[in-house]
Amino acid sequence: MCGIVGYVGKKEAQDVLVGGLRRLEYRGYDSAGIATLDDNDEAHLARSVGKISELSSVLEKAPQTGHLGIGHTRWATHGGVTETNAHPHHAGDIYLVHNGIIENYKELKAELKDYDFASDTDTEVLAALIDSNYKDGVSLKDAVAKSLKRIRGTYGIAVFSPKEPGTIVVARLGSPLIIGLGHGETLIASDASALLGYTREAIYLNDGELAVCTKDGAEVFSLDLKHLDSKPETIEGNVEQIQKSGYDHFLLKEIMEQATTLHNTLSGRINPKLGKMHLGGPNLTEKEMRDINHVVIVGCGTAYYAGLLASYFMEQLVPDLTTEVVIASEYRYRSFHLPKNSVALIVSQSGETADTLACLREIKKRGIKTLGIVNAVGSTIAREVDGGTYVHAGPEISVASTKAFTAQVVAMLMFGGMLAEYHGGDPKLIAEYTRELSILPEEIEKTLNTHRETMEQLAKKYAKYDDALYLGRDTAYPIALEGALKLKEISYIHAEGYASGELKHGPIALIDDRFFEVFTILDNWLFDKACGGLHEVRARGGKTIILTNSKADIEADDIVRIDSPIKLLAPILLNTLQQLLAYYIAIERGNDVDQPRNLAKSVTVE
Ligand code: M6R
């Protein structure tokens, strides 16, 4: 949600800021802006509604010079999408960009009577508050620290003033802020991807910290202005990972590269010869592993569905395990109780999702061990969990999550496989899962390449429908939920996912010729039951697409069969077909697939 960049150094700040904002655009794309300080210490502000390309057009007509500046790409929370509400905000001597929410902004606004507020935002109030404290020889650092102590809410901010040229003050509480350390230049970003190609060395600010950045580096302080030691860390990834690499869209690239990213997820973690899986990150002793009898899996959206699928696998693998999969936005406010020997898996691609982070903190308060299943290295969740594992899917830029889903399921499955070893799990089953994992990347590659064109053709046929139902049973049920989410978020077709056994309990009432149904049917002991409902749907005019690994006859309008030695993990393979279907339908409908309306990649506010 929203992206921040900042720069102080030798280069033209405008170019670095706009380049950085383009990389962060996926985090929010309602409006954008930059503020720079020229060599005469005069500040310049440019903002525009729409994407970064709109801002670029504004800057082409009125370029800004100077070697220091801040920029922002916005996903509106307070106030509509207008140029006045776009960041940076300006009050007196202060220029400010902000991610997060200031909860007590109304109360503060009422106190700041000397200021005329132009926008409806909480951020402008914070700019005014800092300006009101920035008087009589007080430094920018001190004014920011004093102001932040009055704030209730969350923030990642970058601030400068023409009165202190060469300095940007940044701070964070609940919203990420990273300081990239270059040679004679310092960059600031809310997401490490904006720093790639500039530097590999970065300070990840912790909550409650503030830093004074100059071209020579950064000094970190607490809000009480105590100097803190800060150890630079290495940024992972490379510039290629955040480029489209010949694909029309990041989404298609991220779907098609799943074989490669999965290799990274699996690397060094499975041994098919021994039939074993091993994750290094959980940091649990043998006794702790043996004592675990309850796993709670927490996530939102796709991460939640990944958890649901993984829970089916874990229950098969670990005989005495109870699993519970919860939606973070609900769980955080429930009066939940967890058995003493529980472990919580905190699943998040971005590692910044506000609800998931809140759950992590609630669970920790109850003394339960937390393990992260996280993609973004150095993210807040990854830093706050007791242990865990990076899923190594690489930067996921498209708002719709695809490769992260596959990687999350596999990472959790490996945790289950490992747990099974300590709980008397069936060695043959563990070995079979391990064997399937070892060939999964190649099978994904084969599935995608074999069926890509078919999915494109099917999309042409089904893009005109208004409604869709995704159905599945057993491990295909979480896949049905995920398929419906993917379709609705990028095609804007109304889509619902259901357990096929539930069809007769309500949803069948909806079916008519405006609907199409996607049935994911697995070649397993529940095959006949999974086919149940198909005839009823067809009899009511619903059009049916079957995604299956079965060779049996099935009556349907369209059938896509995969031919693979993979059985247990077939839902993961079939899900990649759903990803392609959603992508091509969205293209067919002329939508912006990478940046769908009303959505942002990382939901860092409630
Ligand atoms: O970054 P996270 O994995 O915590 O994000 C969770 C959800 O916001 C995310 O999966 C969302 O549902 C995606 N847009 C789904 O494609």
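All of the numbers you see were taken from the coordinates with simple rules; none came from a lab. Bear in mind the structure is a predicted one, so any value in this text is a computation, not a measurement. Every residue, glycine among them, receives a Cβ derived from its backbone with ideal geometry; neighbour counts consider all protein chains shown.
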Exposure proxy order (Cβ contacts within 10 Å, fewest to most) of 455, 277: 455, 277
Assigned charges on the beta-carbon of Lys, Arg, Asp, Glu; region 250-588 dipole about Cα centre (debye): 680 debye
Residue order, fewest to most beta carbons within 10 Å, for 2, 531: 531, 2
Leading residue at positive end of dipole, the chain (Cβ point charges), from 402, 77, 319: 319
Overall form of region 3-235 per C-alpha gyration tensor (a/c, 1.5; a/b vs b/c): rounded
Antiparallel DSSP beta bridges within the chain, as percent of all bridges there, nearest 5: 60 percent
Options 258, 277, 579, ranked by Cα towards positive dipole end of the chain, top entry (Cβ charges): 277
Exposure proxy order (Cβ contacts within 10 Å, fewest to most) of 98, 44, 494: 494, 44, 98
Lys, Arg +1 and Asp, Glu -1 on Cβ, resulting dipole of the chain about Cα centre, debye, nearest 20: 860 debye
Anchor residue 163: lysines whose Cα lies under 29 Å away (excluding residues fewer than 8 positions away in-chain): 10, 11, 61, 106, 109, 113, 135, 141, 146, 149, 215, 226
Sum of side-chain charges, residue 311 neighbourhood, beta-carbon under 13 Å (Lys, Arg +1; Asp, Glu -1): -3
Sequence-distant residues sharing a close amide H with residue 153 (under 5 Å, placed H): 103
Relative packing of 8-17, 299-308, which averages over residues the other C-beta atoms within 10 Å, highest first: 299-308, 8-17
Highest average packing first - 509-521, 361-373, 235-247, 63-75, Cβ atoms within 10 Å: 63-75, 509-521, 361-373, 235-247
